[in-house]
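The values are calculated or read from the model by the stated rules, or taken from the named source; none is laboratory data. Everything numeric here is computed off the predicted structure, so don't read it as measured data. Cβ placement follows ideal geometry from the backbone for every residue including glycine, while neighbour counts extend to all protein chains displayed. The protein model used for the area step is the full one, side chains on, heavy atoms only, and it has no ligands, DNA or RNA in it. Shrake-Rupley method; radii C 1.70, N 1.55, O 1.52, S 1.80 Å.
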Amino acid sequence: MSHRHLTAEALVAGYERGRPVLDGASLTVPAGRRLAVLGANGSGKTTLLRCLSGALRPAAGTVALDGVPLEHSRRGLRAHRQEVQLVLQDPDDQLFSASVAQDVSFGPLNLGLPEDDVRARVAEALALLAVDSLAARPTHQLSFGERKRVAIAGAVAMRPCVLLLDEPTAGLDPSAVAETLAALARLQEHDSTVVMSTHDVDLALRWADEVAVVVDRAVVQGEPQDVLGDDGLLVRARLERPWTLTVGARLRDLGLLTGPSLPRDAAGLLAALPEHPGVLS
């Protein structure tokens, strides 16, 4: 895998006649970094990911990889999907083989790779997602969280440079969320650029290097603290301010926090507090 630059410029896209879901939306996927895409239900997050993956052809605008526009031909899409993979929110939309190993091997087999190469890719993907112990398990016997990670493993087996994940933590309990995030960290260590759509502003703040909010059929992108600290933008996007920023701002007003930026998670917040008597018991 090597880092590739994926961009979208002035996208216009939708599924029905009338007003488009996206209208002039632009996005830059930062190579080798974590990007969280946020927005209310129906805002266009999934539409944006589908355009980036080539699954949906926009009515206008371009998607480009390293500056080369995506061609929606059979050849162009095949080449694009070897570099950019999309994992849908519902894993059952992508799992269909009898066993986990068979399902994860589907993509590499379609590339026409030798059997030894396919086995190596499957083993690598299962290990990265920490589901190698499930290789022989029928997919219908997996938990929801396990099915989500197996679906991601199927995409990882294609060894894409950019991995697009639509709500990968939705519907998971806290331990399954932690397992999924640990798996995503391992993917980044193996040079994958990870893009995650989510409704969870607190998760986006602590996880992402950059965030992009889909609002008013466009995209606002920037540093997590800047974008998720913009109350006007959050109101328009029907999102809540992350609790860490709210608490941190109040503590700064009380003179208990100093520094140019606010902590992004609970551990950072506690570490930033001074050791004054009465502040913490």
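Observations on the model:
- Residue 182 versus residue 254: modelled label distance in nm, points set 7 Å from Cα along the beta carbon direction: 3.4
- Share of carbon and sulfur in the accessible heavy-atom surface of the chain [1.4 Å probe, %]: 49
- Across the chain, Cα pairs under 8 Å and at least six residues apart give a relative contact order of 23 percent.
- Protein-only accessible surface order, largest first, of 33, 250 at 1.4 Å: 250, 33
- Accessible area, probe 1.4 Å, largest first, for residues 240, 275, 179: 275, 240, 179
- In Hz, Karplus ³J(HN,Hα) per residue of the stretch 154-162 (6.51, -1.76, 1.60; θ = phi - 60°; x = Gly, Pro): x, 6, 5, 4, 7, 6, x, 7, 10
- Only helices enter this figure: runs of n ≥ 4 DSSP H residues, each worth -39500 (n - 2.57), summed and divided by the residues of the chain, yield -11500 deg cm²/dmol at 222 nm to the nearest 500.
- Sites residue 273 and residue 191 - FRET efficiency at Förster radius 45 Å, r taken between beta-carbons, to 0.05: 0.80
- Computed from backbone phi, the HN-Hα couplings of the stretch 54-60 come to x, 6, 10, 8, x, 5, 7 Hz, rounded to whole numbers (Karplus: 6.51 cos²θ - 1.76 cosθ + 1.60, θ = phi - 60°; Gly and Pro given as x).
- Each part gets one Cα centre, and for the stretch 88-145 versus the stretch 201-251 those centres are 35 Å apart.
- Listed residues 152, 42, 201: farthest to the positive end of the dipole of the stretch 6-239 (Cβ charges): 42
- log10 of Debye I(q)/I(0), alpha-carbon scatterers only, for the chain at 0.07, 0.09, 0.11 Å⁻¹: -0.28, -0.46, -0.67
- Debye equation applied to the C-alpha atoms of the stretch 147-227, log10 I(q)/I(0) at 0.12, 0.16, 0.17 Å⁻¹: -0.36, -0.64, -0.72
- Residues with amide H under 5 Å from that of residue 61, placed H, sequence gap 5 or more: 12
- Residue 216 paired with residue 144, simple spin-label distance in nm, labels 7 Å along Cα-to-beta-carbon: 3.5
- The amide H of residue 6, built 1.01 Å from its N in the peptide plane, has 29, 66 as neighbours under 5 Å, considering only residues 5 or more places off or on other chains.
- Rounded to the nearest angstrom and listed largest first, the equivalent-ellipsoid semi-axes of the stretch 14-142 from its Cα gyration tensor are 30, 18, 14.
- Kirkwood Rh, angstrom, the stretch 142-281 [1 / mean 1/r, Cα pairs]: 16.9
- Antiparallel DSSP beta bridges within the chain, percent to nearest 5: 50
- Rolling a 1.4 Å probe over the protein chains gives residue 186 an accessible area of about 70 Å².
- Karplus (6.51, -1.76, 1.60) ³J(HN,Hα), θ = phi - 60°, over the stretch 82-89, in Hz, Gly and Pro reported as x: 6, 9, 10, 10, 10, 10, 6, 5
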